[in-house]
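Since the structure comes first, as structure tokens, the remarks are kept for the end.
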Amino acid sequence: MDDYTWQQRLQARKAREHRRLSLVIFLLAAMIGSALWYFFFYIRTPEYSLAQLQTAIAEHDGETFARYVNQELLASRAYDDLTVDLFAYDSELTPQTKAMFEKFYILIKPQMAAGLETTALNRVTAGSWLLPDGTDILKGRQLGIDFERFLERSQLRNTTLVSIGKVEHNGKNATAELNIREDYTQTDFTLVAVMEQADDGHWQIAYLKNYKAYLDLISPLQNRDIASYIADTKEIVNNSNETFAVLKSHFKRLGHSKNGYLSKQQKQKLQSLIADDIIPNLQERQTQLDAVAIPAGAQYLARQRQQATETSIKAWQHYIRGLQTGNPQEFATAETLHKQELAIDLRVQDIIRHTAISKNIPNLP
């Protein structure tokens, strides 16, 4: 090997080593640059906050969710939009009554808005829609309003986030498009979330800019379906009400006692009435309702009717056991279930009348 060839090979080896060193330096620089971009820029962007929110919801991470959502402001603004929407479809309110109820909504806003916060956070952490005090369906009646139905009218439970769209920056404010779908009617909509930057640099969703527009779009669609479903089931409901008016009168006569105690014969007749007439008629009514096609927007109303039937049947079954055993606890359970069924029936009537606030509020525990 001559000196020229040896020098060529040496130069080639040095060139390869130089390229390798350059590549290593480039990769290190890229890694350092990416880390700097991520830790000093990206985590301080709305896009990062939105990505963290999606992960928090998927992983039921309530702490992270609370960091990237201004829950108090979001619930407060949503409450205002929702109460305006509620009044828009209540045809029974006079101007004077509406003014009175508007004041009432202002008075109960702290409790109701806090309830929305708690319920949304429960959805993230538990993966299910739990009411503020657990599974108590009577929540809210003590305030003069049915929180369960209030939550339903918010459309929160039946809205799915499909994707995140365009994000626009404007100093310490930003807007993000949230592409959503209303699950009942399969209606697509784009919510605009207003985001604000906190003092430490991270971004939060502050409020929904066009939430009322979403309610204004969905409510008529659902109301149309509800009206159709009510018309289709009117004969079933009317016939059932007439039958139960007769059964109720018969039950009252059989249960009449001057001294407050039922005879053995009365107990037997009451058991037969409940087992042979009342419960079968409830079951038949529900069977007939189940046979009616339910329009997409009327699914909630149909579920409430079904829940009322199931609760009523359970109440009567406990009443039978009370008659059989004389156990006061069975009668107490029957009474509690009956009150729950009454609350659901009132909710159904509220839905049918499109009322903004519950009337004829029972004195429930």
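The values are calculated or read from the model by the stated rules, or taken from the named source; none is laboratory data. Here the structure is a predicted model, which means the values were calculated and not measured. Neighbour counts are summed over all protein chains in view; Cβ atoms, including those assigned to glycine, are modelled from backbone coordinates with ideal geometry. What goes into the accessible areas is simple: the full protein's heavy atoms, side chains included, and nothing from ligands, DNA or RNA. Shrake-Rupley method; radii C 1.70, N 1.55, O 1.52, S 1.80 Å.
Miscellaneous remarks
- Selected residue (only one of N259, N241 is over 30 Å from the mean Cα position of the chain (by Cα) and closer than 30 Å to A298 by Cα): N241
- Test: residue in region 233-241 that is buried (at least 16 other Cβ atoms within 10 Å of the Cβ), aliphatic (A, V, I, L, M) and touching an Asp or Glu at 6+ places or on another chain (Cβ under 7 Å): no
- Those residues of region 260-294 which are part of a loop (DSSP other than H, G, I, E, B) and open to solvent by less than 60 Å² (accessible area, probe 1.4 Å), in sequence order: L262, S263, V292
- Cβ-Cβ distances below 6 Å connect the following pairs, each with a first residue in region 185-213 that is under 15 Å from Y68 (Cβ atoms), a second residue that is open to solvent by 50 Å² or more (accessible area, probe 1.4 Å) and not in a strand (DSSP E or B), and a separation of six or more residues or different chains: V194/K209; Q197/K172; G201/R44; A206/L73; Y207/L73; Y207/R77.
- Filtered residues of region 62-85 (kept if in contact (Cβ under 8 Å) with a residue 40 or more places away in the chain, out of contact with any strand residue (DSSP E or B) (no Cβ under 6 Å at 6 or more places or on another chain) and open to solvent by 50 Å² or more (accessible area, probe 1.4 Å)): R67, E72, V84
- Taken across region 216-224, residues that are in a loop (DSSP other than H, G, I, E, B) and touching a residue at least 24 places away in the same chain (Cβ under 8 Å) do not occur at all.
- Any hit, region 182-190, residues being more than 23 Å from the chain's Cα centre (by Cα) and part of a strand (DSSP E or B): no
- Test set (1) open to solvent by 50 Å² or more (accessible area, probe 1.4 Å); (2) farther than 26 Å from D232 by Cβ - A245 fails condition number: (2)
- Candidates I218, I226, I236, filtered to the one that is of a type outside the set (G, A, S) and over 30 Å from I313 (Cβ atoms): I218
- Within the option set G326, G322, G297, being surrounded by 18 or more Cβ atoms within 10 Å (Cβ to Cβ) and more than 30 Å from E235 (Cβ to Cβ) holds for one residue only, G322.
- Odd one out for I145, checked against (1) open to solvent by 20 Å² or more (accessible area, probe 1.4 Å); (2) closer than 23 Å to E72 by Cβ; (3) modelled with pLDDT under 95: (1)
- Taking the listed residues Q186, Q155, the one that is on the phi > 0 side of the Ramachandran plot and open to solvent by less than 20 Å² (accessible area, probe 1.4 Å) is Q155, with no other qualifying.
- Answer residue from region 262-288, given it is of a type in the set (S, T, Y) and more than 12 Å from F251 (Cβ to Cβ) and is farthest from the chain's Cα centre (by Cα) among those: S263
- For region 225-236, the candidate set comprises residues that are without any contact (Cβ under 8 Å) to a residue 40 or more places away in the chain and of a type in the set (A, V, I, L, M); within that set, the residue that is farthest from V348 (Cα to Cα) is A231.
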